[in-house]
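Here the structure comes first, spelled out in C-alpha cells, and everything after it is commentary.
Bear in mind these aren't lab numbers, they're just calculated from the coordinates by the rules spelled out. Note that the structure is predicted; figures quoted are calculated from it, not measured. Here the Cβ is made from the backbone with ideal geometry for all residues, glycine too, and neighbour counts use every protein chain on show.
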Amino acid sequence: DEEEDDEDDYGFVYHGIPAGETGFKFADEDLPEDIKADLESDDEDIRNEAARRRTLDPEMWARFSYWDLHDFFGCEKAFDSPRPLWTDQQWYDVWDLYHEFIEEDKKDGPFTKVRAYQFSKDYMDLSQNAIPFQSGEKGRGLQAVRDIKAGEMVFKATNNTIVFNYGHTWRKLLFAVNERDPSITCDMHVWSWVQDLYDGGPMKVVMDLDSGSLLNEGREDVEGWELPNVQCGRPDATRCDMDYYAYRDIKKGDELLIDYNEFAFLDSWPDMGL
C-alpha cells in the first residue's frame, strides 16, 4: 500500500514515527557560502540556525522534521526582517505550482488514499470582511474592513484550504516550492499546522493558500497578549470546526486575532512523521 511503498523509498512510515536525526555534518572546508556567512552573523539566532543547518544532510531531506525544515530553509533568517505582503500574482503562481505538484505526485501511484486534497469546492471572498496589512511587531496580519458583530462568520475553509493526509507529501511540496521560488518557502512552512477534522480522527497537515494564512494569534491566558476576537467553530459548537466566527464585536480597522490552540495541535508534527 502507499505507506509501505514510501517506507521502501524513504525508510520510514509517515504516521506515528518521528523523523530521525541525519547525523551528517559539513566539514569546515565544505561549508556552503550561505551557511558560512550566517555563522558570522551578528544575530545569535541566525548563528544558531546556521550551526543546526550544517548538521543537515541534503541527501536525507525525506527524513527532515518540521524544525529541520525550518532550519534548512533558513526561516529564522527569513523572518528576521519584515516579510512583504504577497501579490495577487504570487497567489496565482503558487496555486499553479500546487496543481502541477499534485499531478506529478500522482505519477507515483496508484494509491489507495489521496495524499492531499482541497477541503471543499466552496469559495469565500475574505476581502469582504478583512484585508492583509502590516501589523507592526506581529508582522503581516488581517484587518477588519467593516464592523463585524459577535457570532458572525468571518471566514471558513474553502477550495483554498489544502489538507495533507501524509506529512511527507507536505514536505515534498515545500521542496518543490523552494525550487521554484525560495523567497516564499518559509511563508508556506509557518502557515501550516496540524489538526484533526473530526473528534478522534487522524491528524492532518493543513495549509491555507490565501490571505487567511495571515491570521495572527491572540491569547486570554497569557499576560501582555492582545485578546482574541475570532473563534474557531460556531459560537454554540462543541468543537472547533473549519469555519471561524467573531468571538466578540469587531470594529472596522481592528486586527483579527485567534488563539491557535483552538484548532492547531502545536506539538503533533511528529505524529505526521515530521
**Prompt:** Under a 5 Å amide H to amide H cut-off, with H placed in plane at 1.01 Å, what residues pair with residue 130 once short-range neighbours are removed?
**Reply:** 145
**Message:** Here is the link list: 36/204; 172/204; 36/138; 107/204. Which ones come out longer than 27 Å on Cα distance?
**Reply:** 36/204; 36/138
**Request:** Take the Cα coordinates of the chain, assign each an equal point scatterer, and use the Debye formula without solvent to give log10 I(q)/I(0) at q = 0.07, 0.12, 0.14, 0.17 Å⁻¹.
**Result:** -0.27, -0.82, -1.10, -1.49
**Prompt:** In percent, how large is the relative contact order of the chain, given Cα pairs closer than 8 Å and 6 or more residues apart?
**Reply:** 22
**Prompt:** Once amide H atoms are built 1.01 Å from N in the peptide plane, which residues 5 or more positions from residue 140, or in another chain, come under 5 Å H to H?
**Reply:** 83, 135
**Message:** Test of the criteria: in the stretch 72-136, which trypsin sites (Lys or Arg not before Pro) are in a DSSP loop and have at most 16 other Cβ atoms within 10 angstrom of their Cβ?
**Reply:** 107, 113, 121
**Request:** Report, in degrees rounded to the nearest 10, the 0 to 90 angle that the Cα long axis of helix 167-180 makes with the longest principal axis of the chain.
**Result:** 80
**Request:** List every residue whose amide H lies under 5 Å from the amide H of residue 116, counting only residues 5 or more places away in sequence or on a different chain, with H placed 1.01 Å from N in the peptide plane.
**Result:** 165
**Item:** Estimated 222 nm signal from helices in the chain, with DSSP H stretches of n ≥ 4 weighted -39500 (n - 2.57), rounded to 500
**Value:** -8000 deg cm²/dmol
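Of all chymotrypsin sites (Phe, Trp or Tyr not before Pro) in the stretch 87-125, which ones are in loop regions per DSSP and have a Cβ with at most 10 other Cβ atoms within 10 Å?
123
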**Request:** Identify, among 66, 133, 99, the residue whose Cα sits farthest towards the positive end of the charge dipole of the chain, taking +1 on the Cβ of Lys and Arg and -1 on the Cβ of Asp and Glu, with the dipole about the Cα centre.
**Result:** 133
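With +1 on each Lys and Arg Cβ and -1 on each Asp and Glu Cβ, how big is the dipole of the chain about its Cα centre, in debye rounded to the nearest 20?
The dipole magnitude comes to about 1020 debye.
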**Nearest 10 degrees, 0 to 90: helix 88-106 Cα axis against the chain principal axis** = 50
